[in-house]
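Q: Submitted below is the structure of interest, expressed as structure tokens.
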Amino acid sequence: IDACQTNPEYCGFYPTVWPGWDSAMRPRHWRAVEDTHSFGPPWNPKKYQWIQSDTGALDGYQVPFVMNRARAELQLRELQKDRWIDKQTRQVKAIISVFNANVRLFAVVTLSIDFGETGQLAPDMQLRSLRLESFV
């Protein structure tokens, strides 16, 4: 990666150095170095495909989960086995849509974890709700 060079003295310890994560510079800088190639385990190297959204806010490798808990747990184990999260991962985001029919309330929960360049984790949660009666 051209954006961050390693001092030759440290190449034995840190053969690859990734640029820092800075949300302010992401649109300008990260688009140029962000890896969008398919990846996966050796037996299926194109298992995970890069998906580009219309707005750019949800660009990335997306994995839709099923509504069955046992199958979703199997999917999580498979992602772990495939090393879906690695040292190059900068963010994992889960977007969950729910509907409560008793009160006719629709909600979208967004859970995200940002992985900093020094190993810190920055969790975030957003909840957006909408009462459907307003539109009837």
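Q: Can you tell me which residues in segment 77-99 are open to solvent by 70 Å² or more (accessible area, probe 1.4 Å), in a strand (DSSP E or B) and not β-branched (V, I, T)?
A: Q91, K93, S97, F99, listed by residue number.
Q: Kindly establish whether N68 is among the polar types (S, T, N, Q), at pLDDT 85 or above and out of contact with any Lys or Arg (no Cβ under 6 Å at 6 or more places or on another chain).
A: yes
The values are calculated or read from the model by the stated rules, or taken from the named source; none is laboratory data. Note that the structure is a prediction, hence the values are computed from the model and not measured. Cβ coordinates were reconstructed from backbone atoms using ideal geometry, including for glycine residues, and neighbour counts include every protein chain displayed. Just the protein is used for accessible areas: all its heavy atoms, side chains included, with ligands, DNA and RNA removed. Shrake-Rupley method; radii C 1.70, N 1.55, O 1.52, S 1.80 Å.
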